[in-house]
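Have a look at the structure below, then the notes.
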Amino acid sequence: MTTAGTPPLLVIGAGISGITTALEAAEGGQEVVLVERDPAVGGRVLRNHQYFPKLCPPACGMEINTRRLERSPRVRVLMRSEVSAAERSGAGWSVTVRRSAEHVTGACTACGDCSAACPQSVPDPFNLGLCQVKAIRIPHVDAWPRRYVMDREACPAGCRACADACKVPGAIDLAAKPHQERFEVSAVVVATGWSPYPLEKLPELGGGVLQDVVANVQLERLAAPAGPTGGKILRPSDGKAPRRVAFVQCAGSRDVNHLPYCSAVCCLASLKQALYVKGQLPEAEVTVYYIDRRTPGRNEAMVPRAEAAGVKFVKGKVAKVAAGPGGALVLRVEDVDANRVVEAEADLVVLATGMVPAGRGALPLPAAVDPDGFALDDRAAKVFAAGVARRPEDVAASVRDATGAAARAMVAGRAV
């Protein structure tokens, strides 16, 4: 199949869904413009320590995709870029992409001299602000493109230490300015992914109040070798390994005061993380407090794996997490099976916060969304959705969904 003469397809977001959409379309003969606001592709998938159910590192699968991107002559990848304007143009769209200043250019060899000389540190966005990194750095260990990125706005006035240290002509341009590019495209696929529900909106569960109450996405980084603790699961308050870890399911989900929907993967994510803890701290007491255990398909096998590792399950909603004696955390929870309200102590509490669709409201495109804010296909407008921008789902489902989105967008793009 070929789409010779058809304007390119625009894909917004270079997480696993956006990359899959772009590659599937390109390998079907379609030119693609892939726009990503971050300095490296991969989205939230690469912030995981491991995938379920096999519990292997996500960099393996992502490396295959980045190699496909490198080899593809039909995909143009625009990093640190955002769609700033869009209007219907003929049978498709005319879009404007705002590109951030490219202070580190394609001449960069990633030697590291600039970072070694940099005097300024900033919170690490890849590690969710849990540690500090240099203002000029590789975004993360698995970053593609393999190029340094600079937070110029964080640099001291007049500082040029990185440029003076760089030995590669033209690799650093301190005077670079943002600019815009305009594209005529045949159709648009929105693959903007998701954000975690803010911890600070759950103060009754200790979110944003108690230091040793963390979100599931934060624990993922604590368990990762490239994370802020070098892969050690430690209490943020004192840097000690927890002896008792409590996982609180549906933290802000299935709740009329927060997110009314189920985010589909939280139960599996907590099972996976409970296995992280038991694998690293086999003597730790690990308890999962849940309303329902939702582990569809082959992922059901993770439940007996967790039980065999010694993970305990308590059916009941946690209503409150408060500070207890000696630095402990006290959970007030309904034990459904025992038909009573109980209190339990933990050293570390992990809240299974849900998925919120990211970036959709800021796009200058038709706002076709469902009641929960997830994007919907608009065939008449030739705007389609892929992955978690469309509904909460795991990585494997997002890949399948993105393949379908590529097919739908290609068909629509050829229609006049």
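Values quoted throughout were computed directly from the atomic coordinates according to the rules given, and no laboratory measurement underlies them. Keep in mind that what you see is a predicted model, and the values were worked out from it rather than measured. Every residue, glycine as well, gets a Cβ built from its backbone with ideal geometry; the counts of neighbours run over all protein chains shown.
Label zone (residue 234, point 7 Å along Cα-to-C-beta; backbone nitrogen cut-off 19 Å) within segment 324-353: 327-328, 347-350. Pick out, from 348, 230, 291, the residue whose Cα sits farthest towards the positive end of the charge dipole of the chain, with +1 on the Cβ of Lys and Arg and -1 on the Cβ of Asp and Glu. Selected residue: 230.
Greater than 22 Å separation of Cα atoms is the criterion. Which listed pairs, 201/315; 278/312; 134/278; 201/320, meet it? The pairs that break the limit, which is 22 Å between Cα atoms, are 201/315; 134/278. Of the residues 189, 176, 270, the one whose Cα sits farthest toward the positive end of the charge dipole of segment 158-278, with +1 on the Cβ of Lys and Arg and -1 on the Cβ of Asp and Glu, is 270. Rg and Dmax, both from the Cα atoms of segment 197-354 and both in Å, are 14.4, 43. Its Cα gyration tensor gives segment 113-165 an equivalent ellipsoid, and the semi-axes of that ellipsoid, as √(5λ) in whole Å with the largest first, are 18, 14, 8.
Overall dimensions of the chain, expressed as equivalent-ellipsoid semi-axes from the Cα gyration tensor (√(5λ), whole Å, largest first), are 38, 28, 18. Near residue 272, which aspartates and glutamates are there with a Cα under 18 Å away, not counting those fewer than 8 places off in the same chain? Hits, sequence-local ones excluded: 220, 283, 285, 292, 300, 307, 393, 394.
With a simple spin-label model that places each label point 7 Å from the Cα along the Cα-to-Cβ direction, the separation between residue 72 and residue 319 comes to 5.2 nm.
Projecting the Cα atoms of 411, 327, 308 onto the dipole axis of the chain, where Lys and Arg carry +1 and Asp and Glu carry -1 at the beta carbon, places 411 farthest toward the positive end.
With each label modelled as a point 7 angstrom along the Cα→C-beta vector, the residue 160-residue 298 pair spans 5.7 nm.
The antiparallel fraction among DSSP beta bridges confined to the chain stands at about 55%. Using a cutoff of 8 angstrom between alpha carbon atoms and counting only pairs six or more residues apart, the relative contact order for segment 201-269 works out to 18 percent. The protection proxy used here, the mean number of other Cβ atoms lying within 10 Å of each residue, ranks peptides 111-123, 179-191 as follows, highest first: 179-191, 111-123. Summing Cβ point charges (Lys, Arg +1; Asp, Glu -1) relative to the Cα centre of the chain gives a dipole of roughly 520 debye.
Restricting the trypsin sites (Lys or Arg not before Pro) of segment 1-90 to loop positions (DSSP other than H, G, I, E, B) with no more than 12 neighbouring Cβ atoms within 10 Å leaves 54.
Loop-located GluC sites (Glu not before Pro) in segment 269-316 (DSSP state other than H, G, I, E, B) with a sparse environment of at most 15 neighbouring Cβ atoms within 10 Å: 283.
Under unit Cβ charges (Lys, Arg +1; Asp, Glu -1), what dipole magnitude, rounded to 20 debye, does segment 197-354 have relative to its Cα centre? Display every interim value, and only then the final one.
Numbers: 20 positive and 17 negative charges, 66 e Å.
Charge dipole, segment 197-354, about its Cα centre: 320 debye, nearest 20.
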